[in-house]
1. What is the residue count in the range 143-181 for residues that are polar (S, T, N, Q), surrounded by fewer than 14 Cβ atoms within 10 Å (Cβ to Cβ) and under 30 Å from Leu67 (Cβ atoms)?
2. Would you be able to say whether some residue in the range 143-150 is over 26 Å from Ile224 (Cβ atoms), assigned to a helix (DSSP H, G or I) and more than 17 Å from the chain's Cα centre (by Cα)?
3. What do you reckon, is Asp34 in contact (Cβ under 8 Å) with a residue 12 or more places away in the chain, among the charged types (D, E, K, R) and under 21 Å from Asn101 (Cα atoms)?
4. Among the residues of the range 87-96, how many are in a loop (DSSP other than H, G, I, E, B) and either under 14 Å from Ala113 (Cβ atoms) or in contact with a Lys or Arg (Cβ under 8 Å, 6 or more places away or on another chain) (or both)?
5. Taking the criterion of being part of a loop (DSSP other than H, G, I, E, B), surrounded by fewer than 21 Cβ atoms within 10 Å (Cβ to Cβ), modelled with pLDDT under 95 and at positive phi, would at least one residue in the range 33-46 satisfy it?
6. Test Ala160 against the criterion of being of a type in the set (Gly, Ala, Ser), part of a helix (DSSP H, G or I), more than 16 Å from Gly61 (Cα to Cα) and in contact (Cβ under 8 Å) with a residue 60 or more places away in the chain, and give yes or no.
7. Does the range 103-123 contain at least one residue that is without any contact (Cβ under 8 Å) to a residue 24 or more places away in the chain, closer than 17 Å to Gly43 by Cβ and within 19 Å of the chain's Cα centre (by Cα)?
8. One residue is enough: does the range 119-131 have a residue meeting the conditions modelled with pLDDT of 95 or more, within 30 Å of Gly202 (Cβ to Cβ) and in a loop (DSSP other than H, G, I, E, B)?
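The values are calculated or read from the model by the stated rules, or taken from the named source; none is laboratory data. Small disclaimer: the values here were computed from a predicted structure and weren't measured. A quick note on method: Cβ atoms are made from the backbone with ideal geometry, for glycine too, and the neighbour counts reach across all protein chains shown.
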Amino acid sequence: MNFKESYDKKKKLIEDHITEYLPSIKIDSHILYDAMQYSLKAGGKRLRPVLLLSSCEFCGGNESEALPYACAVEMIHTYSLIHDDLPAMDNDDFRRGKPSNHKMFGEAIAILAGDGLLNSSMEVLCSDILKTCNNPEITERKLWASHEILKSSGCRGMIAGQVADIISERNCQSKELLEYIHMNKTAALLTASVRAGAILGGTDDKTLADLTEFAKNMGLVFQITDDILDVCGQVQLTGKATGSDAKHNKLTYPSLYGLDKSKAIIKDLSEKSIAILDKYKSKSMFLKDLIMFLTDRSF
(Lines give C-alpha, C1' and ligand atoms only; values in the text may rest on other atoms or scores of the structure.)
Protein backbone atom coordinates (compact mmCIF):
# COMPACT_ATOMS: atom_id res chain seq x y z
CA MET A 1 0.00 0.00 0.00
CA ASN A 2 1.50 3.36 -1.03
CA PHE A 3 1.41 6.52 1.08
CA LYS A 4 -1.76 7.98 -0.46
CA GLU A 5 -3.67 4.70 -0.11
CA SER A 6 -2.56 4.35 3.49
CA TYR A 7 -3.44 7.96 4.32
CA ASP A 8 -6.83 7.73 2.61
CA LYS A 9 -7.63 4.49 4.46
CA LYS A 10 -7.01 6.15 7.84
CA LYS A 11 -8.88 9.27 6.78
CA LYS A 12 -11.88 7.17 5.70
CA LEU A 13 -11.87 5.35 9.03
CA ILE A 14 -12.18 8.71 10.78
CA GLU A 15 -14.89 10.01 8.47
CA ASP A 16 -16.90 6.79 8.67
CA HIS A 17 -17.08 6.94 12.47
CA ILE A 18 -16.64 10.52 13.67
CA THR A 19 -20.32 11.48 13.75
CA GLU A 20 -21.03 8.35 15.81
CA TYR A 21 -19.27 10.13 18.67
CA LEU A 22 -21.59 13.15 18.55
CA PRO A 23 -24.10 13.13 21.40
CA SER A 24 -27.81 12.82 20.69
CA ILE A 25 -29.54 16.18 21.13
CA LYS A 26 -33.21 16.79 21.86
CA ILE A 27 -35.35 18.24 19.10
CA ASP A 28 -35.65 21.63 20.83
CA SER A 29 -31.90 22.16 20.37
CA HIS A 30 -31.42 20.17 17.19
CA ILE A 31 -29.94 23.13 15.29
CA LEU A 32 -26.92 22.69 17.57
CA TYR A 33 -26.42 19.14 16.27
CA ASP A 34 -26.84 20.35 12.68
CA ALA A 35 -24.21 23.07 13.17
CA MET A 36 -21.75 20.71 14.87
CA GLN A 37 -22.20 18.08 12.17
CA TYR A 38 -21.93 20.66 9.37
CA SER A 39 -18.37 21.61 10.27
CA LEU A 40 -17.34 18.15 11.43
CA LYS A 41 -18.31 16.69 8.03
CA ALA A 42 -16.92 19.56 5.95
CA GLY A 43 -13.89 17.54 4.90
CA GLY A 44 -10.27 18.55 5.25
CA LYS A 45 -7.05 16.59 5.57
CA ARG A 46 -7.92 14.98 8.94
CA LEU A 47 -4.20 15.35 9.63
CA ARG A 48 -4.37 15.27 13.43
CA PRO A 49 -6.43 12.09 13.77
CA VAL A 50 -4.40 10.39 11.04
CA LEU A 51 -1.25 11.28 12.96
CA LEU A 52 -2.70 9.85 16.16
CA LEU A 53 -3.63 6.56 14.49
CA SER A 54 -0.27 6.37 12.72
CA SER A 55 1.84 6.98 15.82
CA CYS A 56 -0.22 4.39 17.72
CA GLU A 57 0.53 1.82 15.01
CA PHE A 58 4.18 2.92 14.92
CA CYS A 59 4.46 1.99 18.61
CA GLY A 60 2.74 -1.37 18.23
CA GLY A 61 -0.82 -0.39 19.10
CA ASN A 62 -4.15 -1.06 17.42
CA GLU A 63 -5.74 1.83 15.54
CA SER A 64 -9.27 0.69 16.45
CA GLU A 65 -8.45 1.25 20.14
CA ALA A 66 -7.10 4.71 19.32
CA LEU A 67 -10.10 5.71 17.19
CA PRO A 68 -12.07 7.50 19.97
CA TYR A 69 -9.01 9.66 20.73
CA ALA A 70 -8.48 10.44 17.05
CA CYS A 71 -12.12 11.52 16.71
CA ALA A 72 -11.89 13.60 19.89
CA VAL A 73 -8.85 15.42 18.49
CA GLU A 74 -10.74 16.18 15.28
CA MET A 75 -13.66 17.55 17.28
CA ILE A 76 -11.29 19.89 19.11
CA HIS A 77 -9.64 20.98 15.86
CA THR A 78 -13.01 21.59 14.22
CA TYR A 79 -14.27 23.68 17.15
CA SER A 80 -11.14 25.84 16.86
CA LEU A 81 -11.80 26.42 13.15
CA ILE A 82 -15.40 27.47 13.80
CA HIS A 83 -14.24 30.02 16.36
CA ASP A 84 -11.29 31.13 14.18
CA ASP A 85 -13.66 32.08 11.37
CA LEU A 86 -15.89 34.27 13.54
CA PRO A 87 -15.98 38.03 12.86
CA ALA A 88 -14.28 38.73 16.21
CA MET A 89 -11.36 36.50 15.17
CA ASP A 90 -10.27 36.06 11.52
CA ASN A 91 -13.65 36.98 10.01
CA ASP A 92 -13.50 34.37 7.22
CA ASP A 93 -16.59 33.67 5.14
CA PHE A 94 -15.39 30.33 3.78
CA ARG A 95 -13.76 27.21 5.18
CA ARG A 96 -12.74 24.23 3.03
CA GLY A 97 -14.60 25.76 0.09
CA LYS A 98 -17.90 26.02 1.96
CA PRO A 99 -19.57 28.87 3.88
CA SER A 100 -18.17 29.20 7.39
CA ASN A 101 -20.33 27.92 10.24
CA HIS A 102 -21.43 31.40 11.29
CA LYS A 103 -22.44 32.17 7.70
CA MET A 104 -24.70 29.11 7.70
CA PHE A 105 -26.11 29.24 11.23
CA GLY A 106 -25.37 32.73 12.59
CA GLU A 107 -22.71 33.81 15.05
CA ALA A 108 -24.47 32.72 18.24
CA ILE A 109 -25.10 29.15 17.07
CA ALA A 110 -21.56 28.93 15.63
CA ILE A 111 -20.07 29.86 19.01
CA LEU A 112 -22.25 27.26 20.75
CA ALA A 113 -21.46 24.63 18.10
CA GLY A 114 -17.77 25.15 18.81
CA ASP A 115 -18.42 24.88 22.53
CA GLY A 116 -20.48 21.74 21.92
CA LEU A 117 -17.69 20.04 19.96
CA LEU A 118 -15.10 20.86 22.63
CA ASN A 119 -17.28 19.46 25.41
CA SER A 120 -18.21 16.42 23.33
CA SER A 121 -14.53 15.62 22.83
CA MET A 122 -14.13 15.40 26.61
CA GLU A 123 -17.16 13.11 26.84
CA VAL A 124 -15.60 10.81 24.23
CA LEU A 125 -12.31 10.61 26.13
CA CYS A 126 -13.93 10.01 29.51
CA SER A 127 -16.33 7.41 28.14
CA ASP A 128 -13.49 5.39 26.68
CA ILE A 129 -11.44 5.58 29.87
CA LEU A 130 -14.38 4.25 31.88
CA LYS A 131 -14.46 1.11 29.73
CA THR A 132 -11.14 -0.15 31.11
CA CYS A 133 -11.20 0.95 34.74
CA ASN A 134 -10.55 -2.67 35.76
CA ASN A 135 -7.20 -2.60 33.92
CA PRO A 136 -4.92 -0.03 35.63
CA GLU A 137 -2.12 -0.20 33.02
CA ILE A 138 -4.39 0.52 30.05
CA THR A 139 -6.39 3.10 31.99
CA GLU A 140 -3.20 4.95 32.89
CA ARG A 141 -2.22 5.13 29.22
CA LYS A 142 -5.67 6.46 28.30
CA LEU A 143 -5.55 9.09 31.04
CA TRP A 144 -2.08 10.18 29.96
CA ALA A 145 -3.13 10.39 26.29
CA SER A 146 -6.24 12.37 27.24
CA HIS A 147 -4.20 14.77 29.34
CA GLU A 148 -1.83 15.38 26.42
CA ILE A 149 -4.75 16.20 24.11
CA LEU A 150 -6.60 18.49 26.51
CA LYS A 151 -3.48 20.29 27.75
CA SER A 152 -2.34 21.06 24.21
CA SER A 153 -5.73 22.49 23.22
CA GLY A 154 -6.10 24.73 26.28
CA CYS A 155 -4.51 27.79 27.82
CA ARG A 156 -1.06 26.15 27.79
CA GLY A 157 -1.32 25.34 24.11
CA MET A 158 -3.66 26.21 21.26
CA ILE A 159 -5.68 28.91 23.04
CA ALA A 160 -2.49 30.57 24.32
CA GLY A 161 -1.20 30.65 20.75
CA GLN A 162 -4.46 32.14 19.51
CA VAL A 163 -4.25 34.93 22.09
CA ALA A 164 -0.64 35.69 21.16
CA ASP A 165 -1.65 35.73 17.49
CA ILE A 166 -4.32 38.36 18.19
CA ILE A 167 -1.98 40.47 20.31
CA SER A 168 0.70 40.34 17.61
CA GLU A 169 -1.59 42.32 15.30
CA ARG A 170 -1.04 45.45 17.36
CA ASN A 171 2.23 44.88 19.27
CA CYS A 172 5.88 44.64 18.26
CA GLN A 173 6.67 41.64 16.08
CA SER A 174 9.67 39.43 16.82
CA LYS A 175 11.16 36.05 15.99
CA GLU A 176 10.51 34.83 19.54
CA LEU A 177 6.84 35.80 19.44
CA LEU A 178 6.40 34.23 16.01
CA GLU A 179 7.80 30.90 17.18
CA TYR A 180 5.67 31.03 20.34
CA ILE A 181 2.52 31.58 18.27
CA HIS A 182 3.21 28.72 15.87
CA MET A 183 4.41 26.26 18.50
CA ASN A 184 1.22 26.78 20.47
CA LYS A 185 -1.47 27.72 17.97
CA THR A 186 -0.68 24.91 15.52
CA ALA A 187 2.17 22.64 16.58
CA ALA A 188 0.82 21.93 20.08
CA LEU A 189 -2.23 19.92 18.99
CA LEU A 190 -0.29 18.21 16.19
CA THR A 191 2.40 17.21 18.69
CA ALA A 192 -0.21 16.04 21.20
CA SER A 193 -1.83 13.89 18.51
CA VAL A 194 1.47 12.13 17.89
CA ARG A 195 2.26 11.80 21.59
CA ALA A 196 -1.23 10.54 22.49
CA GLY A 197 -1.12 7.91 19.74
CA ALA A 198 2.33 6.77 20.83
CA ILE A 199 1.24 6.56 24.47
CA LEU A 200 -1.84 4.52 23.55
CA GLY A 201 0.42 2.24 21.52
CA GLY A 202 2.66 1.53 24.51
CA THR A 203 5.70 3.61 23.53
CA ASP A 204 9.00 3.69 25.41
CA ASP A 205 10.55 6.96 26.63
CA LYS A 206 13.18 7.22 23.86
CA THR A 207 10.71 6.65 21.04
CA LEU A 208 8.29 9.14 22.59
CA ALA A 209 11.05 11.76 22.76
CA ASP A 210 11.96 11.18 19.09
CA LEU A 211 8.35 11.33 17.94
CA THR A 212 7.80 14.50 19.95
CA GLU A 213 10.74 16.24 18.26
CA PHE A 214 9.54 15.02 14.87
CA ALA A 215 6.02 16.33 15.57
CA LYS A 216 7.21 19.78 16.69
CA ASN A 217 9.20 20.20 13.48
CA MET A 218 6.27 18.94 11.43
CA GLY A 219 3.91 21.36 13.17
CA LEU A 220 6.09 24.28 12.16
CA VAL A 221 6.34 22.94 8.59
CA PHE A 222 2.57 22.75 8.41
CA GLN A 223 1.97 26.28 9.72
CA ILE A 224 4.74 27.97 7.72
CA THR A 225 3.35 26.31 4.59
CA ASP A 226 -0.11 27.64 5.47
CA ASP A 227 1.39 31.11 5.91
CA ILE A 228 2.93 30.89 2.44
CA LEU A 229 -0.30 29.60 0.91
CA ASP A 230 -2.13 32.59 2.38
CA VAL A 231 0.20 34.79 0.35
CA CYS A 232 0.34 32.94 -2.94
CA GLY A 233 -1.95 29.89 -2.76
CA GLN A 234 -4.88 29.13 -5.02
CA VAL A 235 -8.36 29.48 -3.55
CA GLN A 236 -9.55 26.28 -5.25
CA LEU A 237 -6.79 24.38 -3.41
CA THR A 238 -6.86 26.11 -0.02
CA GLY A 239 -10.67 26.40 0.24
CA LYS A 240 -10.54 29.96 1.56
CA ALA A 241 -9.55 33.42 0.40
CA THR A 242 -5.87 34.38 0.37
CA GLY A 243 -4.42 37.57 1.82
CA SER A 244 -6.17 37.26 5.19
CA ASP A 245 -2.92 37.40 7.20
CA ALA A 246 -1.76 40.62 5.55
CA LYS A 247 -5.22 42.19 5.92
CA HIS A 248 -5.12 41.55 9.68
CA ASN A 249 -1.43 42.47 9.98
CA LYS A 250 -0.65 38.95 11.27
CA LEU A 251 2.83 37.99 12.34
CA THR A 252 3.87 35.17 9.96
CA TYR A 253 7.05 33.67 8.58
CA PRO A 254 6.58 35.35 5.18
CA SER A 255 5.94 38.73 6.84
CA LEU A 256 9.07 38.42 9.00
CA TYR A 257 11.46 36.50 6.72
CA GLY A 258 10.04 36.72 3.20
CA LEU A 259 8.91 33.84 0.98
CA ASP A 260 12.31 32.47 -0.05
CA LYS A 261 13.67 32.27 3.50
CA SER A 262 10.39 30.77 4.72
CA LYS A 263 10.64 28.01 2.11
CA ALA A 264 14.27 27.38 3.14
CA ILE A 265 13.16 27.02 6.78
CA ILE A 266 10.54 24.45 5.71
CA LYS A 267 13.21 22.45 3.88
CA ASP A 268 15.54 22.51 6.90
CA LEU A 269 12.81 21.43 9.33
CA SER A 270 11.69 18.63 7.00
CA GLU A 271 15.23 17.29 6.73
CA LYS A 272 15.59 17.35 10.51
CA SER A 273 12.33 15.43 10.89
CA ILE A 274 13.40 12.75 8.44
CA ALA A 275 16.78 12.43 10.17
CA ILE A 276 15.02 11.76 13.48
CA LEU A 277 13.02 8.94 11.90
CA ASP A 278 15.89 7.34 9.96
CA LYS A 279 16.89 5.07 12.85
CA TYR A 280 13.47 3.40 12.73
CA LYS A 281 13.98 2.31 9.11
CA SER A 282 10.97 0.90 7.24
CA LYS A 283 8.65 1.34 10.23
CA SER A 284 8.89 5.11 9.83
CA MET A 285 8.15 5.22 6.07
CA PHE A 286 4.59 6.53 6.43
CA LEU A 287 5.65 9.38 8.74
CA LYS A 288 8.55 10.29 6.43
CA ASP A 289 6.22 10.36 3.44
CA LEU A 290 3.80 12.48 5.45
CA ILE A 291 6.34 15.19 6.21
CA MET A 292 7.27 15.28 2.49
CA PHE A 293 3.60 15.54 1.58
CA LEU A 294 3.20 18.54 3.87
CA THR A 295 6.38 20.11 2.51
CA ASP A 296 5.32 19.68 -1.12
CA ARG A 297 1.88 21.29 -0.87
CA SER A 298 1.43 23.61 -3.82
CA PHE A 299 2.56 27.20 -3.35
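1. 0
2. Yes, there is a match, as at least one residue in the range 143-150 is over 26 Å from Ile224 (Cβ atoms), assigned to a helix (DSSP H, G or I) and more than 17 Å from the chain's Cα centre (by Cα).
3. Yes, satisfied.
4. Residues flagged as in a loop (DSSP other than H, G, I, E, B) and either under 14 Å from Ala113 (Cβ atoms) or in contact with a Lys or Arg (Cβ under 8 Å, 6 or more places away or on another chain) (or both) within the range 87-96 amount to 3.
5. Checked against the condition, which is being part of a loop (DSSP other than H, G, I, E, B), surrounded by fewer than 21 Cβ atoms within 10 Å (Cβ to Cβ), modelled with pLDDT under 95 and at positive phi, the range 33-46 yields at least one hit.
6. When the stated conditions are applied, Ala160 does not pass them.
7. No - not one qualifying residue is present in the range 103-123.
8. Scanning the range 119-131, I find at least one residue that is modelled with pLDDT of 95 or more, within 30 Å of Gly202 (Cβ to Cβ) and in a loop (DSSP other than H, G, I, E, B), so the answer is yes.
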